[in-house]
Amino acid sequence: DDMNCAEPYVRFLCQWLLDYCYDDMEFMTKFIDKTVLQRLEMVAKFKLHRVTYTRQLPFLRKQRK
């Protein structure tokens with residue numbers, strides 16, 4: 001399953017950014033995205049919620065309008 005492979009990798013990347021690029025991420029909070037550190041921390045620490053494409057499609061269509 002692709003999600004079983006992708007989730008640990010995404011979590012690893014988020015933790016790596018926090019560990020090795022914290023200053024850059026902190027810079028981003030000042031000028032680009034104020035929530036980047038919080039979001040990286042959440043993705044790195046917590047299991048991702050999985051939603052099938054079929055289940056998410058109505059929501060995506062609604063957001064497009």
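Compared with the alpha-carbon gap, the fully stretched path from residue 51 to residue 12 is longer by 12.0 nm at 0.36 nm per residue. When peptides 44-57, 5-18 are ranked by their average number of other Cβ atoms within 10 Å per residue, the highest-first order is 5-18, 44-57.
With a cut-off of 14 Å between beta carbons, the residues surrounding residue 30 carry a summed charge of -3, where Lys and Arg count +1 and Asp and Glu -1.
The length gained on full extension between residue 35 and residue 64, counted as 0.36 nm times the residue separation minus their Cα-Cα distance, comes to 8.1 nm.
For the chain, compute Rg over Rh where Rg is the Cα radius of gyration and Rh is the Kirkwood radius from the inverse mean 1/r over Cα pairs. Mind dumping the intermediate values first?
Numbers: Rg = 14.7 Å, Rh = 13.6 Å.
Across the chain, the Cα-based Rg/Rh ratio is 1.08.
Read the figures in this text as sums done on the coordinates, not as results from a lab. Since we're looking at a predicted model, the values are computed, not measured. Here Cβ is always computed from backbone atoms with ideal geometry, including for glycine, and neighbour counts include all displayed protein chains.
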